[in-house]
């Protein structure tokens, strides 16, 4: 048992979808979330810079006292998980890529898996590699969807227009004629960006019910639960865990933009400005 | 007369719409364009950092020899024009904000002007300020359109879906009932982002023919022509000016993504990798 909070970090507010899933999976845990909004996006930066930023962000959480580190950011998960494990050898570190890859390999019957993500995540190839490590015969298609992040940030998460945009990306893979469909249609879609769970139901409307949608936020929360349980680090039971936030830029902007991702209003009193 | 090239810089490929307009306005001039793609976007960075990057980018152009500096980037134009004028006192410096503001003030009959731009440009308030300096009674609305940059970068520049997205932003201002329209409808739209000229005809379809659309790339090119003429710096006449490119990141990616903005294929042989 360990009463310290779980620490999560992301370059911004996208990782709050992981926090939301964590709150649902482990409602008794305390959580401390750091959004490095002053330096977002990480996706356009070099691996060395991303590793340096990730170690600084994780270091701030460790300084405050956390029992586990969750990298709630695809870019940082892709390049910084091993440097973080070396930098903080006493604390378990979980990223979002491996749980998403594992869940998609379990869900897929045909091995035809599509990863939806930002251009930099797809170019970085981490999901594709993680899936192939588990299932070498899988046919993995990495599909960059650059409009999805601004859609989620605008709060445009459903309706005809949004589904039209999603269909424009997915139709080449899913709207093939029935014969071709049987042979080539993917059966599993991985939401490989922390912003994308906001679009999950619109994506469901586009691909239909026969396709598995793997939300890497949910699967990461399950992985955190498994690791805390195995290592005996669960919170001694309490009414309801607390959630606190650190941000490196404007506090009220963080609270305002973050609320949609968390699915709950964020009280500015729970957000603290920090310098990294 | 001066046979040196005109130097332009931007954080990426968006400024190529300014270069395109310049090529049409001044076909005999040689042009050297620098895209600081390794460090894009500038919009999320602090003013101090943007000024430092702009001075470095301009310094590289000056080192190569240019007779004029064009800041083909809204973010850098907003904060760095005066520092650049101080850093390079012997070279005329033109940004995109003031020409766009001037043209919109000239075009508008009613003084009701809408600036379409990225969120950081609207927050920075430079267009609104520049318009009010010229026309203090103007009613200026800054409208952030975060989906327009990824739309332009995806090459999604027309059709029902694209017009639907544009309408979702503009309808609250333009689709009011006819009575209200007479009183409040803006008569001028400023494209306050170098990416947006790619969407100009789709925007025209949404707002209709009664509205002036001011393209700050075109108006900047006109301003460059005026300044070169006034200062006697025009190219001694030649067949057709040359265009060369510098970029701080992947050369072939620059050529590939830039072509849509320039409206012409970019030969990788004309692109050189530089370090700032």
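No lab work stands behind these numbers, since they all come straight from the coordinates. Values in this document were obtained by computation on a predicted structure and should not be read as measured data. So basically every Cβ, Gly included, is an ideal-geometry build from the backbone, and we count neighbours across all protein chains shown.
Data table
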| item | result |
| --- | --- |
| Peptide A:40-50 - average C-beta neighbours from other chains (10 Å radius) | 1 |
| Alpha-carbon centroids, the range B:234-276 and the range B:81-118: separation in whole Å | 24 |
| Euclidean distance between Cα centres, the range A:2-32 to the range B:56-70, Å | 48 |
| Residue-averaged [θ]222 nm for the protein assembly as shown, counting only DSSP H segments that reach four residues, each worth -39500 (n - 2.57) | -14500 deg cm²/dmol |
| Nm distances between copies for residue A:237, ranked from closest, using label points 7 Å along Cα→Cβ | 9.2 |
| Per-residue Cβ neighbour rank within 10 angstrom, fewest leading, A:1, B:227 | A:1, B:227 |
| Three-way shape call for the protein assembly as shown based on the alpha-carbon gyration tensor, with the a/c threshold at 1.5 | prolate |
| Pseudo-label separations to other copies for residue B:4 - Cα-to-Cβ vector, 7 Å, nm | 5.9 |
| Distance in nm between pseudo-label sites at residue B:250 and residue A:267 (7 Å out along the Cβ direction from Cα) | 4.6 |
| Rounded to 10°, Cα long-axis angle of helix A:216-230 versus longest principal axis of chain A | 50 |
| Other-copy label distances relative to residue A:106, 7 angstrom Cα-Cβ extension, nm | 6.6 |
| Inter-site label distance for residue B:110 and residue A:82 at 7 Å from Cα along Cβ, in nm | 6.2 |
| Overall form of the range B:98-216 per C-alpha gyration tensor (a/c, 1.5; a/b vs b/c) | oblate |
| Principal-axis tilt of helix B:160-174 within chain B, Cα atoms, nearest 10 degrees | 60 |
| Beta bridge orientation in the protein assembly as shown: antiparallel %, DSSP, nearest 5 | 0 |
| Angle between chain B longest axis and helix B:16-25 axis [Cα atoms, degrees, rounded to 10] | 80 |
| Within the range A:98-216, percent of DSSP bridges classed antiparallel, to nearest 5 | 0 |
